[in-house]
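Since every read-out is calculated from the coordinates, none of them should be taken as a lab result. In this text, all values refer to a predicted model and were calculated from it rather than measured experimentally. We place every Cβ from the backbone using ideal geometry, glycine too, and count neighbours over all the protein chains shown.
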Amino acid sequence: MATTLSKKYQVVVPKEVRTRMRLRTGETVALYPLDEERALLVKHPADPLKALRGLGKDVWRSLGGTRKYIRSERKSWLK
């Protein structure tokens, strides 16, 4: 998908991208350069703390759940 860079180095985000990313007027996005020809457009969350919620849930599952992990950790303290 192509877009044109203006004289002020502004870019219009194409409608298809805005729709898929659910971008709205006034929202903040970041552009991260990947190399000399590509950049990554990332939508910043309105509430960064909400965006972090549940981030580590898979880590606890891989350890058998939080309760199991805490029990085994506490048992190791008694040794």
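Applying a DSSP loop filter and a limit of 15 other Cβ atoms within 10 Å to the trypsin sites (Lys or Arg not before Pro) in region 1-49 leaves 7, 8, 22, 24, 38. Gyration tensor over the Cα atoms of the chain: the corresponding equivalent ellipsoid has semi-axes (square roots of 5 times the eigenvalues, largest first) of 44, 14, 11 Å. Which whole number in µm²/s is D for region 1-44 by Stokes-Einstein, with the Kirkwood Rh taken over Cα pairs at 37 °C and 0.692 mPa s? Answer, rounded: 283 µm²/s. Charging the Cβ of each Asp and Glu at -1 and of each Lys and Arg at +1, and nothing else, the dipole of the chain about its Cα centre rounds to 720 debye. Full extension of the segment from residue 35 to residue 11, taken as 0.36 nm per residue of separation minus the current Cα-Cα distance, would add 6.8 nm.
Restricting the GluC sites (Glu not before Pro) of the chain to loop positions (DSSP other than H, G, I, E, B) with no more than 11 neighbouring Cβ atoms within 10 Å leaves 36, 37. Dipole magnitude for region 1-44: about 340 debye, using +1 per Lys or Arg Cβ and -1 per Asp or Glu Cβ, origin at the Cα centre.
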